[in-house]
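**Q** Just dropping this structure here.
The values are calculated or read from the model by the stated rules, or taken from the named source; none is laboratory data. Remember, it's a predicted structure, so these values are computed and weren't measured experimentally. Glycine gets a Cβ as well: all are built from the backbone with ideal geometry, and neighbour counts include every protein chain shown.
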Amino acid sequence: MESLPIVDFSSTDTEGTASRIVHIMETVGFLYLDNVPGYNLEEEAELLEINKWFFNLPEERRLRVARYLYNKKNKVFYRGYFGLDKDYSSYKEGYEFGQDSVTSPGYKLTSNEGFPVTEENVWPEPEPSDSQEEKERYAKFKEVVVKHYGRMMSASMRFLQLLAIGLGLPETYFHHLFVPETLSTLRLLHYPQRGFEPPPSAIEDGQVVVCETHADNVFVTFLTTFNYTGLQVLLHDNTWLTVQPRPGSFVVNLGKTLSESTGGRIKATKHRVVDPGGERYSLPFFLEPGYSAKVPLSLPLDGKEENDVKYMQYGPWLLENMKKYAEIKDVLKLFEESGFKKEN
Ligand SMILES: O=C(O)CCC(=O)C(=O)O
Ligand SMILES: [Fe+2]
């Protein structure tokens, strides 16, 4: 295989697109998605600029929105900024946010169950003494990323409708897992150039990686790689496919939760980022169910009745699996260490 398959999101052939998506997801597990509504090269350029702006803020400004691990004054553990780890195989810094009253107007958390994965977002804010221009940049940042979050929610939900159709399920089969509550995350990523000898764990079959081989935990990932190379996908024949940038398009793949919910029929495909030889920015959106969502563990197909399907609650499963992920591996440990309790 030379390149990832391409799916046109604007196609009016719903059935054809749906079965093609299922076929690709059962075989390659990754695709390029063209013509996502409300997205074009201009939007992409704006997102890259805003990504660069954030990571080029003075460190002190980034640390204001950092997780507890990086700034002990902050009582955030899951959302916000995370810094670089020189000794780890992955070498990236990020900023993450999820659902709140800013991204979903009218949204109100119904319980404190699941803290810290249900914690509030921390948004970068200007200082009163900042120039008007600088204040406007902060406002712009929030506007642009929040808009993208909404766009990604809509697109990934539509993608799941097509997947459901392709699997022979009702179009709205997965809908209730994400509406009205979702733990979906937008992650802004920056991979600076290492500039030092990589640790041994960052060498995978002779290649230097900046993001180690992994499969995503989530339901669906919509990734923007801008014009950067480095992403590689592990194909079923155990060879690595290098994903070329496709500006204006998304790289879409499925995560372990969706794999579980199809009883393993669809696999979460492994991928990694090899050192592209310079700095790199990317922007993955992770579609995730709500904390209390009951994720089915098999499909009600092939004579299986709805009653036969077992479920897992997403939030506790996420808390259990967090330790396996570089970006969130220490979240629970630090939360406990901090002695912080979420008030009701
Ligand atoms: O930066 C990329 O292109 C991929 C990042 C990724 O796979 C992830 O954050 O799960
Ligand atoms: Fe990933």
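**Q** Tell me the residue from Arg280, Arg272 that is more than 20 Å from Gly29 (Cβ to Cβ) and under 18 Å from the mean Cα position of the chain (by Cα), please.
**A** Working: Arg272 fails: more than 20 Å from Gly29 (Cβ to Cβ).
Step by step, each of Arg280, Arg272 is checked, and only Arg280 is more than 20 Å from Gly29 (Cβ to Cβ) and under 18 Å from the mean Cα position of the chain (by Cα).
**Q** Could you list, in sequence order, all residues of the stretch 2-26 that are small (Gly, Ala, Ser) and crowded, with 18+ Cβ neighbours inside 10 Å?
**A** Answer for the stretch 2-26, where residues must be small (Gly, Ala, Ser) and crowded, with 18+ Cβ neighbours inside 10 Å: just Ala18.
**Q** Is it the case that Phe159 is crowded, with 21+ Cβ neighbours inside 10 Å, more than 14 Å from ligand 1 (Cβ to nearest atom) and more than 16 Å from the chain's Cα centre (by Cα)? Talk me through it step by step, then tell me what you get.
**A** On the way: crowded, with 21+ Cβ neighbours inside 10 Å: yes; more than 14 Å from ligand 1 (Cβ to nearest atom): yes; more than 16 Å from the chain's Cα centre (by Cα): no.
No, not satisfied.
**Q** What is the residue count in the stretch 122-150 for residues that are within 28 Å of the chain's Cα centre (by Cα) and not in a helix (DSSP H, G or I)?
**A** The total comes to 5.
**Q** For the stretch 10-61, what are the residues that are in a loop (DSSP other than H, G, I, E, B) and within 19 Å of Thr269 (Cβ to Cβ)? Give the steps one after another, and end with the answer.
**A** Applying the first criterion (in a loop (DSSP other than H, G, I, E, B)) to the stretch 10-61 yields 10-13, 28-29, 35-40, 56-58.
Within the stretch 10-61, Val28, Gly29 meet the criteria.
**Q** Would you say Ser104 is within 19 Å of Phe285 (Cβ to Cβ), among the polar types (S, T, N, Q) and over 17 Å from the mean Cα position of the chain (by Cα)?
**A** Values: within 19 Å of Phe285 (Cβ to Cβ): yes; among the polar types (S, T, N, Q): yes; over 17 Å from the mean Cα position of the chain (by Cα): yes.
It is true that Ser104 is within 19 Å of Phe285 (Cβ to Cβ), among the polar types (S, T, N, Q) and over 17 Å from the mean Cα position of the chain (by Cα).
**Q** While we're looking at this one, here's another question. Condition test on Phe222, is it closer than 19 Å to Val36 by Cβ and either at pLDDT below 95 or in contact with a helix residue (DSSP H, G or I) (Cβ under 6 Å, 6 or more places away or on another chain) (or both)? Break it down into steps so the answer makes sense when it comes.
**A** Values: closer than 19 Å to Val36 by Cβ: yes; either at pLDDT below 95 or in contact with a helix residue (DSSP H, G or I) (Cβ under 6 Å, 6 or more places away or on another chain) (or both): yes.
Considered against the rule, which asks whether it is closer than 19 Å to Val36 by Cβ and either at pLDDT below 95 or in contact with a helix residue (DSSP H, G or I) (Cβ under 6 Å, 6 or more places away or on another chain) (or both), Phe222 comes out as yes.
**Q** If the requirement is being surrounded by 18 or more Cβ atoms within 10 Å (Cβ to Cβ), touching a residue at least 12 places away in the same chain (Cβ under 8 Å) and among the acidic types (Asp, Glu), which of these qualifies: Glu119, Glu125, Glu113?
**A** Numbers: Glu125 fails: surrounded by 18 or more Cβ atoms within 10 Å (Cβ to Cβ); Glu113 fails: surrounded by 18 or more Cβ atoms within 10 Å (Cβ to Cβ).
From the options Glu119, Glu125, Glu113, the qualifying one is Glu119.
**Q** So, in the stretch 224-248, exactly how many residues are surrounded by 21 or more Cβ atoms within 10 Å (Cβ to Cβ) and not in a loop (DSSP other than H, G, I, E, B)?
**A** 3
**Q** Identify the residue in the stretch 220-271 that is touching a Pro at 6+ places or on another chain (Cβ under 8 Å) and farther than 23 Å from Leu47 by Cα and, among all such residues, is farthest from ligand 2 (Cβ to nearest atom).
**A** Residues of the stretch 220-271 that are touching a Pro at 6+ places or on another chain (Cβ under 8 Å), as a first pass: 221-230, 257, 261.
Next cut, farther than 23 Å from Leu47 by Cα only: 257, 261.
Details: Thr257: 13, Ser261: 18 Å.
So, considering only residues that are touching a Pro at 6+ places or on another chain (Cβ under 8 Å) and farther than 23 Å from Leu47 by Cα, the one farthest from ligand 2 (Cβ to nearest atom) is Ser261.
**Q** Here's a follow-up. Residue by residue through the stretch 62-99, note down the ones that are in a loop (DSSP other than H, G, I, E, B), aliphatic (A, V, I, L, M) and more than 15 Å from ligand 1 (Cβ to nearest atom). Don't jump to the end; show me each part of the working.
**A** First, pick out the residues of the stretch 62-99 that are in a loop (DSSP other than H, G, I, E, B): 64-65, 67-79, 83-92, 98-99.
Next cut, aliphatic (A, V, I, L, M) only: 65, 69, 76, 84.
Correct list: Val65, Leu69, Val76.
**Q** Assuming His236 fulfils every condition listed in (1) more than 10 Å from ligand 1 (Cβ to nearest atom); (2) within 22 Å of Asp85 (Cβ to Cβ) apart from one, which condition is it?
**A** Status for His236: all satisfied but (2).
**Q** In addition: Could you please find all residues in the stretch 249-299 being away from ligand 1 (no atom under 16 Å from the Cβ) and part of a loop (DSSP other than H, G, I, E, B)?
**A** Matches in the stretch 249-299: Thr262, Gly263, Gly264, Arg265, Ile266, Gly290, Tyr291, Ser292, Ala293, Leu297, Ser298, Leu299.
**Q** With Gly206, Gly264 as the choices, which residue is more than 30 Å from Thr14 (Cβ to Cβ) and free of Cβ contacts under 8 Å to residues at least 12 places away in the same chain?
**A** Gly206
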